Amino acid sequence: QKEVEQDPGPLSVPEGAIVSLNCTYSNSAFQYFMWYRQYSRKGPELLMYTYSSGNKEDGRFTAQVDKSSKYISLFIRDSQPSDSATYLCAMRDTGRRALTFGSGTRLQVQP
Amino acid sequence: DAGVIQSPRHEVTEMGQEVTLRCKPISGHNSLFWYRQTMMRGLELLIYFNNNVPIDDSGMPEDRFSAKMPNASFSTLKIQPSEPRDSAVYFCASRRRPLEETQYFGPGTRLLVL
């Protein structure tokens, strides 16, 4: 079993929809949680970062962490065609500086 | 800033040949990471350096892979001999300081080993 599980999709939604992307993980030592966005044929770029449990909001994006359930989510409100990309969750524990990535969810927002 | 620079952007080679991938991190960044991305396995960390010193190479698949960082502005990932299963996109990323979270990824090198 992988340390981080992520539904690969593809997930197709109409423009303006609310999108929910999720990851589950098995390592209870993970404390730092990130979401990266990767456009086709590009490198990933950091979208959101949260530490431990709780919510964080940035514009149309909200990241949630539920450590008790080992579950993290990224919500996108009023989705736009420009949000079409692969979204990767990533996480690490306090000791190791390297990240463990999920396999990514491909999102397609239809105009 | 130009961002992380990787070369070549595309590489096609035959099995058994040596492949060298190059990376120039963002100026002033102290950490450098090499990742490999495939459809089957996703994004996997191969090795990372802090201040040019390899810190964690547990992701390097086998002895055919080696990485060096001779100075703060240059790193190489070498595969010798290459095999078809090494076909993937190889990303280099850099980070300003060890305590920061943001990694800045390069555009990647698409490697195809025939």
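Where a number appears in this text, it was derived from the coordinates with a stated rule and is not lab data. Here the structure is a predicted model, which is why all the values come from computation and not from measurement. Because the Cβ atoms are built from the backbone with ideal geometry, glycine has one as well, and the counts that use them run over all protein chains shown.
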Chain A: proportion of alpha-carbon pairs further apart than 23 angstrom, %: 22 percent
DSSP-assigned coil residues among trypsin sites (Lys or Arg not before Pro) in the stretch B:5-114, each with at most 16 further Cβ atoms within 10 Å: B:Arg9, B:Arg41, B:Arg64, B:Arg96
Length-normalised contact order for the stretch A:48-103 - Cα pairs under 8 Å, 6+ apart - percent: 20 percent
Scattering curve values for the protein assembly as shown, log₁₀ I(q)/I(0), Debye with Cα scatterers, q = 0.09, 0.13, 0.15, 0.17 Å⁻¹: -0.37, -0.77, -1.01, -1.24
Extension gain (nm, one decimal) between B:Ser58 and B:Arg96, 0.36 nm per residue minus Cα-Cα: 11.5 nm
Loop trypsin sites (Lys or Arg not before Pro), the stretch A:18-111, which have at most 12 other Cβ atoms in a 10 Å radius of their Cβ (DSSP): A:Arg41
Nearby lysines by direct alpha-carbon distance to B:Lys24 (threshold 20 angstrom, same-chain neighbours under 8 apart not counted): A:Lys42, B:Lys68, B:Lys78
FRET efficiency, A:Ser68 to A:Arg106 (Cβ-Cβ, R0 30 Å, nearest 0.05): 0.55
Cα-centred dipole magnitude for chain B, charges only on beta-carbon of K, R (+1) and D, E (-1), debye, nearest 20: 300 debye
Mean separation of Cα contacts under 8 Å (6+ apart) over length of chain B, as relative contact order %: 37 percent
Mean-position separation - Cα centroids, the stretch A:46-101 and the stretch B:61-105, in angstrom: 25 Å
Dipole magnitude of the stretch A:34-83, debye to nearest 20 (Cβ charges: Lys/Arg +1, Asp/Glu -1, about Cα centre): 180 debye
The stretch A:1-68, dipole about Cα centre (Lys/Arg Cβ +1, Asp/Glu Cβ -1), debye to the nearest 20: 180 debye
Debye intensity ratio in log₁₀ form over the Cα atoms of chain B, taken at each q of 0.18, 0.21 Å⁻¹: -0.84, -1.14
Pairwise label distance in nanometres, B:Leu112 with A:Ser52, each label 7 Å out on the Cα-Cβ vector: 5.0 nm
